[in-house]
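Working notes, beginning with the structure itself.
The values are calculated or read from the model by the stated rules, or taken from the named source; none is laboratory data. It should be emphasised that the depicted structure is a prediction, and the values quoted were computed from it without experimental measurement. No Cβ is skipped: glycine too gets one built from the backbone with ideal geometry, and neighbour counts run over all protein chains shown. Only protein heavy atoms, including side chains, enter the accessible area calculation; ligands, DNA and RNA are left aside. Shrake-Rupley method; radii C 1.70, N 1.55, O 1.52, S 1.80 Å.
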Amino acid sequence: MPSSLSKKPKPARYGVANGAEMLTYCRVRSAFAAVSALSRTRLRLFQQAAGSLRAFLLACLLVSLGAVGAAAAELADPTRPTRTLPATPGSPQAAAALRVSAIFISGERRIAVVNGRSVRVGETIGGATVQRIERDRVSFLRGGRTFSVTLLSASARQ
């Protein structure tokens, strides 16, 4: 028996049977490697651009927050009470600290709404005692001094 017949044929490498198929396979493999390398390069460029964009957006955000913070520091809260010194008894500030928003008179019964609370003659509110309730004003006694607070008009109550 000849020696060539006794050897088993080798299986085709890469699944190709002849040289032409092998050449085509190598070309396809080489083209795939080139496309793959190009894709990796594009991916790296895209990631760098995305990183730069993120950095730019972060910088814009920080700058805008700084501008908002500076603007907010300049604005005052309109609902915050003003800082005032405590009123001395008998002063105009003492009368201003008490606001009469309503007066109810029915025969001998007299009730005034002062600072949102109903009071009668003899009761104390804000350190002042109600002395008299009249049709348009309430008289108070604080620290031995008497002062009157007039009823707020409808436009001032709102």
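Within the range 119-149, the set of residues being touching a residue at least 12 places away in the same chain (Cβ under 8 Å) and among the hydroxyl-bearing types (Ser, Thr, Tyr) comprises Thr129, Thr146, Ser148.
If you filter the range 103-123 down to residues that are part of a strand (DSSP E or B) and open to solvent by less than 70 Å² (accessible area, probe 1.4 Å), you find that the one that is nearest to Leu151 (Cα to Cα) is Ile103. Across the range 124-148, which residue is most open to solvent (accessible area, probe 1.4 Å) among those that are outside any strand (DSSP E or B) and out of contact with any Pro (no Cβ under 7 Å at 6 or more places or on another chain)? So the residue we want is Arg135.
Does Ser52 count as hydroxyl-bearing (Ser, Thr, Tyr), under 22 Å from Thr129 (Cβ atoms) and modelled with pLDDT of 75 or more? Write out each step before concluding.
Numbers: hydroxyl-bearing (Ser, Thr, Tyr): yes; under 22 Å from Thr129 (Cβ atoms): no; modelled with pLDDT of 75 or more: yes.
Judged against the criteria, Ser52 is not a match.
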